[in-house]
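Written out below as structure tokens is the structure these notes cover.
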Amino acid sequence: ASTLAFMAENYYSLLEYDKSMECCRESFNLFTAKGNYSNASYQLVIMSRLSKAIYNDTSFLEYLHMANEMASRSGDSARIANNLVNTGMGYLSIGEYARGLDFLLKGWNYDRKVFPYRDIYASRDISRAYLALDSLDKAAYFARRSLRLAKSIKASNWIGGSYVTMALYFERVGQYDSARYFMGEALKQEKFTGREVQAPGLYRMMSDICLRMEDHEAAAHYLDTSYQYYT
């Protein structure tokens, strides 16, 4: 079951979604038969991501709700909280910000003192939800919290995302110099971790910020870089 789960994530990374889904289902069935509801629920989370990639609809949410139900049977607080956060992120992705925020806050409140990593990425998405709902003070609080925590434990995988969240907040409130600074820091972090080719969207966002500042030369440069990485 564990090997199939590992294969599923590798196939997912290779964009071979059908093979990944097949491995996930086999792994899920084996974990469930063994009564390992924690790992079985995580396979449902992966299946939700696959469903979203394969089908252009909201069927992926069904997998997330099934994952929450199975996680609750496991009694594994880490899995319960993580699944709630994933469900919140799922609702954010389709523009249901209030419902997404509800799941995110539940997951964030569950056991964040035990798992600081979850506090980081949950805070990041909570900030984005509040931003979409025009709760700017709360959006600023969670954006700063995410970045502060990421730096405090040197969580390089999450620092870049926290910088982006700060940039989104400052862009929203019209402080474009600050937005540009934080987006620049996010791009530096992506280069540091070797992921800049996988982040063309960030260059597009930087281009938009520069355009708002009427720095057309920089806007064109970042847009061109984004296009090259997309290709």
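For this structure, a couple of remarks:
- Estimated dipole of the chain in Debye, rounded to 20 [Cβ of Lys and Arg +1, of Asp and Glu -1, Cα centre]: 860
- Selected from Ile209, Phe182, Val114, residue furthest toward positive end of dipole (segment 86-231; charges at beta carbon): Val114
- Per-residue ellipticity at 222 nm, computed for the chain from helices alone with -39500 (n - 2.57) per DSSP H run of at least four residues, works out to -27000 deg cm²/dmol.
- Taking the protein heavy atoms of the chain in the context of the full set of protein chains, the accessible area attributed to carbon and sulfur is 51 percent at 1.4 Å.
- Cross-link pairs Lys154/Lys191; Lys52/Lys191; Lys151/Lys191; Lys19/Lys52 - those with Cα-Cα distance over 20 Å: Lys52/Lys191
- By average C-beta atoms within 10 angstrom, highest first, the peptides 163-172, 209-218: 163-172, 209-218
- Segment 163-231 shape via C-alpha gyration tensor axes, a/c threshold 1.5: oblate
- Percentage relative contact order, segment 87-211, counting C-alpha pairs under 8 Å, at least six apart: 17
- With contacts taken as Cα pairs under 8 Å and at least 6 residues apart, segment 57-133 reaches a relative contact order of 27 percent.
- Relative contact order [Cα under 8 Å, 6+ residues apart], segment 56-101, whole percent: 32
- Temperature 20 °C, viscosity 1.002 mPa s: under these conditions the Stokes-Einstein estimate for the chain, based on its Kirkwood radius over C-alpha pairs, is 114 µm² per second.
- Cα centroid separation, segment 25-96 to segment 162-231 (Å): 32
- Overall shape: oblate for segment 101-189, with the ratio a/c of the largest to smallest alpha carbon gyration tensor axis at 1.5 or above and b/c at least equal to a/b.
- The order of the peptides 39-52, 107-120 by mean Cβ neighbours within 10 Å, most packed first, is 39-52, 107-120.
- Cα gyration tensor shape of segment 34-88, rounded if a/c is under 1.5, else prolate or oblate by comparing a/b with b/c: prolate
- Here the 3J(HN,Hα) profile of segment 99-105, calculated from phi with Karplus coefficients 6.51, -1.76 and 1.60 at θ = phi - 60°, is 5, x, 4, 4, 5, 4, 5 Hz, Gly and Pro shown as x.
- Excluding same-chain neighbours fewer than eight residues apart, the lysines reachable from Lys106 by a Cα-Cα span under 20 Å are Lys138.
- Full extension of the segment from Glu16 to Lys113, taken as 0.36 nm per residue of separation minus the current Cα-Cα distance, would add 31.3 nm.
- Listed peptides 5-12, 182-189 by packing density, highest first (mean Cβ within 10 Å): 182-189, 5-12
The values are calculated or read from the model by the stated rules, or taken from the named source; none is laboratory data. Bear in mind that the values here come from a model prediction, so they are computed numbers and not experimental data. Here the Cβ is made from the backbone with ideal geometry for all residues, glycine too, and neighbour counts use every protein chain on show. Quick note on the areas: whole protein, heavy atoms, side chains included, nothing else; ligands and nucleic acids left out. Shrake-Rupley method; radii C 1.70, N 1.55, O 1.52, S 1.80 Å.
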